[in-house]
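Q: Handing you this structure, nothing more for now.
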2 protein chains.
Amino acid sequence: MAKFTSDIEIARAARKKPIQEIGARLGIAAEDLVPYGHDKAKVSAGFIARQQDKKNGKLILVTAINPTPAGEGKTTTTVGLGDGLNRIGKKAMICIREASLGPNFGMKGGAAGGGMAQVVPMDEMNLHFTGDFHAITSAHNLLSAMIDNHIYWGNELEIDSRRVVWRRVMDMNDRALRDIVVNLGGVANGFPRQTGFDITVASEVMAILCLARDLKDLQARLGAIVVAYRRDKSPVYCRDIKADGAMTVLLKDAMQPNLVQTLENNPAFVHGGPFANIAHGCNSVVATTTALKLADYVVTEAGFGADLGAEKFFDIKCRKAGLKPDAAVIVATVRAMKMNGGVKKDDLGTENIEAVRKGCANLGRHVQNVKKFGVPVVVAINHFVSDTEAEIQAVKDYVATLGTEAVLCKHWAQGSAGIEDLAHKVVELAESGHAQFAPLYPDSMKLLEKIETIATEIYHAGEVVAEKSIRDQLRQWEEQGYGELPICMAKTQYSFSTDPNLRGAPTDHTVQIREVRLSAGAGFVVVITGEIMTMPGLPKTPSSEKIRLNDQGEIEGLF
Amino acid sequence: MAKFTSDIEIARAARKKPIQEIGARLGIAAEDLVPYGHDKAKVSAGFIARQQDKKNGKLILVTAINPTPAGEGKTTTTVGLGDGLNRIGKKAMICIREASLGPNFGMKGGAAGGGMAQVVPMDEMNLHFTGDFHAITSAHNLLSAMIDNHIYWGNELEIDSRRVVWRRVMDMNDRALRDIVVNLGGVANGFPRQTGFDITVASEVMAILCLARDLKDLQARLGAIVVAYRRDKSPVYCRDIKADGAMTVLLKDAMQPNLVQTLENNPAFVHGGPFANIAHGCNSVVATTTALKLADYVVTEAGFGADLGAEKFFDIKCRKAGLKPDAAVIVATVRAMKMNGGVKKDDLGTENIEAVRKGCANLGRHVQNVKKFGVPVVVAINHFVSDTEAEIQAVKDYVATLGTEAVLCKHWAQGSAGIEDLAHKVVELAESGHAQFAPLYPDSMKLLEKIETIATEIYHAGEVVAEKSIRDQLRQWEEQGYGELPICMAKTQYSFSTDPNLRGAPTDHTVQIREVRLSAGAGFVVVITGEIMTMPGLPKTPSSEKIRLNDQGEIEGLF
């Protein structure tokens, strides 16, 4: 590490192997890899179809405590663990999400991992990559154009133009587009109405792409999107607009997982990237199920902390895709424990064992929650140079009281050599046969009861409050046949409660439902408990002002 | 041909060679090709830079008479001629434009060529291809977002928000977005103002990408875009917004030409696709200049008929890129001659020599116009099965009176075997050394005089009419240093005049200037003489309703 000053320098110095070589290790022939440059490739649909009868490898989820400004390093640990498993002789690969383009022009772009545990090519993964998000943007906006076009030409479906719920999307932080009036300019341009743009990762098409098993399932889910309502409140579907076929054509390449590599030349699928609040926040089902056929160990992650990310991974993705995780890793840091214990960011460098102990309550709650899904747990302490021996020991001691082990990991500085212990522990858990995965609630439970179950069991809330209109809406969806859907909670990621400032492990708090939304194509009911921003803005001095190509043709300012 | 019923069937049956093999014939090593799948690749910037000292091949422009509903087959002839030149032993390649995604969902998608003279992979070229247009969309809209963000955070540049001329773009036919109000929703979302979206091909970024010599030139041109004006009418540039660096980063891959192949496995660059009315309508300068280093013959085309396409190719692209065309092919058909001679579309199947003769006036005007640029001309009669011997002879006889030869071409049915005569004729013209290319007017001529020169010399108009405000605007731009720019005429493509119904070779008509626009980054002044639609709409039954994947995973309904 000493000779590097940043993640991008490490990434640039990576000795990447040709992507065909990475694919060959997984048994993918060159003709089954669709290359995008020399270091990225999509896996062909034909190849994936031919793997269906193979045995699945072990599935390992990496999740985390509630995020703090100190940073936990969930993706870094996912990458590190993948490399670590390969190092100890397991055939392992990782599955993570793609980055969104828009936010890179606001704040600095996100690396996929960090230090010596990264996925490359980092710059391209933060730009157009293999074009998946552009395809999603196109498919989404084709449907939008076809809806307005349908109304323009006579509105045979009798859409109530005040109740068009399908907006448009752009992969850009552009607050000007949040709330707009379209169809101005007179007769030739249509009937004016108010609508807006969301950022592409917030599109239901993104969530659908990430949950669909194959192109047939993709088209069926796209067709089931509710795009508008009539005056009698009956829904109008995407298939009524006849957009589902063309959208599927636009998405056919985007459905194929993207193969890249870690700094240690181990295989990684980077595919899909739904929001972790109004959507489920995991990489695609196609990537995960394909990886399970190709590797003995698949390490994946879920967005935000375990209260949101792991819960949705289990209750939405695993439930719907028939996945059975074999073990879970909860990432924590001494620094984050201290912040949860009340220490300010500037004081994190000072030893404070008491604060570490106090902050462990947050970690403990997550450990117990994940166990409720029948999945064995290990805690990964992602090491920072400022951590003291005594602080680390305090975390280990606390976790031991829960009947769980906490393992110190130094993959950020050392790569796979620093995470061998965790890799061995994960193998032990996964091969113990202890996993008895089951979702938190059955499909048949009433929608409101599902919400209450998540709130009490996972958040330890005292009550769920919802106005009559919301309860009526949930009941109406049950009558329309949507009662079997799982719940997708949109809650602050910073706390178990709906108050972002309430750290630790609060109990008996109130979860107020502000709004519910039906994602009929993705197949879940979104429950919104706070302000949800689906189109970010740029800061006063956006990073895009500094981004440029230098004289060597390298990208400056993106990281 | 007999066993095929459509272009797409022929394209699907193509025996494509791996793109590395196509590249190798041009001397491009596999590591200098950036593959996108197995049949498309971008040529690396490093390779292109290393070719600069090589000698240029011959440049052949394919242009046409004013388009008629009968269809002329300009691209088909471009592709056929490229194959024909290869067949007679010349090392030839073609350079054509990329297709826009949006219009494919309205009417059927466009093949690149037709019959046995096509470029493949046709389906992908009509979808996302290598992502160039998505990159242009992103770069354009990043600038848009940064402009509104600048105003939002205090408007240090004192932009008059009523005079923001930079709109947004989407590669979609979406009339609802033509005229919109943005920034609604209160304090957090900005200052409401009226604006709109154009289709991506109408973006000045597209024109810039197609005229820039390299990434440095690209950034300089992007920086020079005028995005808004202040209250005192002084311009605000893209570089003032500091978006030019990040836009260049977004466009760095899109700047590289895309290599594909014809049905006969000959190399083709398909790169860039600016509008042919408000922009210059040619493929990229980078593609053409690179092709000239790699092949002995480069066949390229320009949008619309020769009055618009060839004039802009010569006066904008060749002037600015220092290109010197060696010969021009003007494509005509017997059917189009008949339509120009007054025959209705339904009657085109009946022999009518008199109408052919009458319609030849349009062709004759184009032949004489192209010669004014000092470029030797040959006419290609693109053969249709309904053409009679006598009709073909009538065209040949007419063209001979102009001191020019007309050659019958059967490439649509026979591929390169059907176009050998034209290939030989083109070689004869190009190697004669007769070409004495010069633009129509000098840089130093006043802007209005340039417009008048085009109108009288090319359109044979009697006068140019412009209101005082337009004359004042042109003078103001001259004072601001834009007087050296060439003119980009936006006129109907169906007539030499501004009246689309006036076929043949009208004289003494009036060209009324409705509007002038400054494309300071692209480097031309747009002169608008009619209604220009920069955001198309979808028809009542858009083709997207029929587009889908069939059970074989093939795309249906796109063609």
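The values are calculated or read from the model by the stated rules, or taken from the named source; none is laboratory data. Computed from a prediction, not measured in an experiment: that's the story for all the values here. Backbone-built Cβ (ideal geometry, glycine too); neighbour counts: all protein chains shown. When the accessible area is computed, the model is the full protein with side chains, heavy atoms only, and any ligands, DNA or RNA have been set aside. Shrake-Rupley method; radii C 1.70, N 1.55, O 1.52, S 1.80 Å.
Q: Which is farthest toward the positive dipole end of chain B among B:170, B:101, B:188, measuring Cα position about the Cα centre, with Cβ charges +1 (Lys, Arg) and -1 (Asp, Glu)?
A: B:188
Q: For a quick check: with amide H placed at 1.01 Å from N, whose amide H comes under 5 Å from residue B:198's, ignoring anything fewer than 5 positions away on the same chain?
A: Placed amide hydrogens put B:168, B:169, B:170 under 5 Å from residue B:198.
Q: Could you provide, to the nearest whole Å², the per residue accessible area of the range A:146-239 with probe 1.4 Å?
A: Numbers: 3490 Å² over 94 residues.
It amounts to 37 Å² per residue over the range A:146-239.
Q: In addition: What does DSSP give for chain B in terms of the percent of beta bridges that are antiparallel, rounded to the nearest 5? Could you put the intermediate results ahead of the total?
A: On the way: 28 of 66 bridges.
DSSP beta bridges in chain B are roughly 40 percent antiparallel.
Q: Which residue, chosen from A:448, A:526, A:476, occupies the Cα position most advanced towards the positive end of the dipole of the range A:447-529, where the dipole is computed from +1 (Lys, Arg) and -1 (Asp, Glu) charges on Cβ about the Cα centre?
A: A:526
Q: Aspartates and glutamates near residue B:446 by alpha-carbon distance under 13 Å, same-chain residues fewer than 8 away left out - which ones?
A: Once the sequence-local aspartates and glutamates are set aside, what remains near residue B:446 is B:472, B:478, B:479, B:484.
Q: So which residues of the range A:121-139 lose at least 30 Å² of accessible area, probe 1.4 Å, when you go from the chain by itself to every protein chain present?
A: Correct list: A:127, A:128, A:134, A:138.
Q: Going 7 Å from Cα along the Cα-Cβ axis for the label, what nanometre distances separate residue A:229 from the same residue across the other copies?
A: 4.7
Q: What's the total accessible area buried between chains A and B, using a 1.4 Å probe, rounded to the nearest 100 Å²? Intermediate values should be presented prior to the final figure.
A: On the way: alone 22390 and 22370 Å², together 39290 Å².
Buried: approximately 5500 Å² between B and A.
Q: Could you let me know the centre-to-centre spacing of the range B:1-46 and the range A:30-67, using Cα atoms, in angstrom?
A: Computed from Cα coordinates, the inter-centre distance equals 26 Å.
Q: Report, by chain and number, residues whose modeled amide H sits under 5 Å from the one on residue B:558, excluding near sequence neighbours (fewer than 5 apart, same chain).
A: Distant-sequence amide H within range of residue B:558: B:548.
Q: Compute the relative contact order of chain A as a whole-number percentage, counting only Cα pairs closer than 8 Å that sit 6 or more residues apart in sequence. Walk me through the intermediate numbers first.
A: Numbers: 1262 pairs, mean separation 113.7, N = 559.
Once normalised by length, the contact order is 20 percent.
Q: Can you pull the accessible area of residue B:498 for me, 1.4 Å probe, Å² to the nearest 10?
A: Around 40 Å² of this residue is reachable by solvent.
Q: Within chain A, what whole-number % of the accessible surface is contributed by carbon and sulfur, with the 1.4 Å probe and all protein chains included in the calculation?
A: Details: 9370 of 19650 Å².
After summing per-atom areas, the C and S share lands at 48 percent.
Q: Using 7 Å Cα-to-Cβ label points, what is the residue A:24/residue A:396 separation (nm, one decimal)?
A: For the pair residue A:24/residue A:396, the computed spacing is 4.3 nm.
Q: How about residue B:540: which lysines have a C-alpha closer than 22 Å to its C-alpha, ignoring those fewer than 8 places off in the same chain?
A: Straight-line reach from residue B:540, under 22 Å: A:242, B:108.
Q: How do B:441, A:152 stack up against each other in accessible area, from largest to smallest, with a 1.4 angstrom probe? Numbers along the way, then the final one.
A: On the way: B:441 5, A:152 65 Å².
Listed by decreasing accessible area, they come as A:152, B:441.
Q: Also, I was wondering about something else. Let me check against my output: what whole-number percent is the relative contact order of the range A:447-529, with C-alpha pairs under 8 Å and at least 6 apart?
A: Contact order relative to length: 34 percent.
Q: Given the DSSP H assignment, sum -39500 (n - 2.57) over each helix run of at least 4 residues in the protein assembly as shown and divide by its residue total; what's the result at 222 nm in deg cm²/dmol, nearest 500?
A: Details: 38 runs with 348 residues, N = 1118.
Using -39500 (n - 2.57) per qualifying helix, the result is -9000 deg cm²/dmol.
Q: Report the antiparallel proportion of the DSSP beta bridges in the range B:447-529 as a percent, rounded to a multiple of 5.
A: Details: 5 of 14 bridges.
Rounded to the nearest five, the antiparallel share is 35 percent.
Q: Give me the net charge for the shell around residue A:509: Cβ to Cβ below 9 angstrom, other residues only, Lys and Arg +1, Asp and Glu -1.
A: On the way: positive: none; negative: A:463, A:499, A:508.
Its environment carries a net charge of -3.
Q: Taking Cα pairs under 8 Å and at least six residues apart, what relative contact order does the range B:146-239 come out at, in percent? The partial results should precede the final answer.
A: Working: 123 pairs, mean separation 28.5, N = 94.
Over the range B:146-239, the number comes to 30 percent.
Q: May I ask you to evaluate 6.51 cos²θ - 1.76 cosθ + 1.60, the Karplus curve with θ = phi - 60°, for each residue of the range B:184-199 and list the ³J(HN,Hα) values in order in whole Hz, giving x for glycine and proline?
A: Computed from phi, the couplings for the range B:184-199 are 6, x, x, 3, 5, 10, x, 9, x, 7, 8, 7, x, 10, 10, 6 Hz.
Q: On to the next question. Between residue A:417 and residue B:234, what FRET efficiency follows from the Cβ-Cβ distance if R0 is 56 Å, with the result rounded to 0.05?
A: Working: r = 61 Å, r/R0 = 1.08.
The value I calculate is 0.40.
Q: Please name the residues of the range B:540-556 whose accessible area, counted over protein heavy atoms with a 1.4 angstrom probe, falls by no less than 50 Å² between the chain alone and the full protein assembly.
A: Correct list: B:540, B:545, B:549.
Q: For A:304, B:496, what's the largest-to-smallest order of accessible area, 1.4 Å probe?
A: Values: A:304 55, B:496 0 Å².
These residues rank, largest area first, as A:304, B:496.
Q: If I fit a long axis through the Cα atoms of helix B:285-294 and take the longest principal axis of the Cα atoms of chain B, what angle between them do I get, 0 to 90°, rounded to 10?
A: The helix B:285-294 is inclined about 40 degrees to chain B.
Q: May I ask which residue of B:513, B:144, B:277 lies farthest towards the positive end of the charge dipole of chain B, with charges of +1 (Lys, Arg) and -1 (Asp, Glu) on Cβ and the Cα centre as origin?
A: B:144
Q: Please determine, in degrees from 0 to 90 and to the nearest 10, the orientation of helix A:468-477 with respect to the longest principal axis defined by the Cα atoms of chain A, where the helix direction is its Cα long axis.
A: Computed tilt is about 80 degrees.
Q: Also, I was wondering about something else. How much area per residue is accessible in the range B:447-529 when the probe is 1.4 Å and only protein heavy atoms are counted (Å²)? Each step should come with its number before you reach the end.
A: On the way: 3370 Å² over 83 residues.
Heavy-atom SASA per residue in the range B:447-529 reads 41 Å².
Q: Antiparallel versus total DSSP beta bridges in the protein assembly as shown: what percent is that, nearest 5?
A: Just about 45 percent of them are antiparallel.
Q: Would you mind giving the mean number of other chain beta-carbons within 10 Å of the Cβ of each residue in B:187-193, as a whole number? Walk me through the numbers on the way to the answer.
A: Working: counts 0, 5, 9, 7, 1, 4, 1.
Taking all residues of B:187-193 together, the mean is 4.
Q: Another question, if that's okay. For residue B:157, place a label point 7 Å from Cα along the Cα-to-Cβ direction in every copy; what are the distances to the other copies, in nm, shortest first?
A: Residue B:157 label point versus its equivalents elsewhere: 4.0 nm.
Q: Let's see if you can work this out: charge +1 on each Lys and Arg Cβ, -1 on each Asp and Glu Cβ, no other charges. What is the dipole magnitude of the range A:146-239 about its Cα centre, in debye to the nearest 20? The partial results should precede the final answer.
A: Values: 14 positive and 12 negative charges, 41 e Å.
In total the dipole reaches around 200 debye.
Q: Could you order A:459, A:494, B:237 so the one with the most accessible surface comes first? Probe is 1.4 Å. It would help to have the intermediate numbers written out before the result.
A: On the way: A:459 0, A:494 95, B:237 45 Å².
Solvent-accessible surface, decreasing: A:494, B:237, A:459.
Q: Any idea what angle helix B:420-431 forms with the longest principal axis of chain B, computed on alpha-carbon atoms, 0 to 90 degrees, nearest 10?
A: Rounded to the nearest ten degrees, it is 60.
Q: Please report, in debye to the nearest 20, how large the charge dipole of the protein assembly as shown is about its Cα centre when each Lys and Arg carries +1 at its beta carbon and each Asp and Glu carries -1 there. Let's see the in-between values first.
A: Numbers: 128 positive and 132 negative charges, 19 e Å.
Dipole magnitude for the protein assembly as shown comes out near 80 debye.
Q: With +1 assigned to the C-beta of every Lys and Arg and -1 to the C-beta of every Asp and Glu, and no other charges, what is the dipole magnitude of the range A:447-529 about the Cα centre in debye, to the nearest 20?
A: Numbers: 8 positive and 12 negative charges, 55 e Å.
Charge dipole, the range A:447-529, about its Cα centre: 260 debye, nearest 20.
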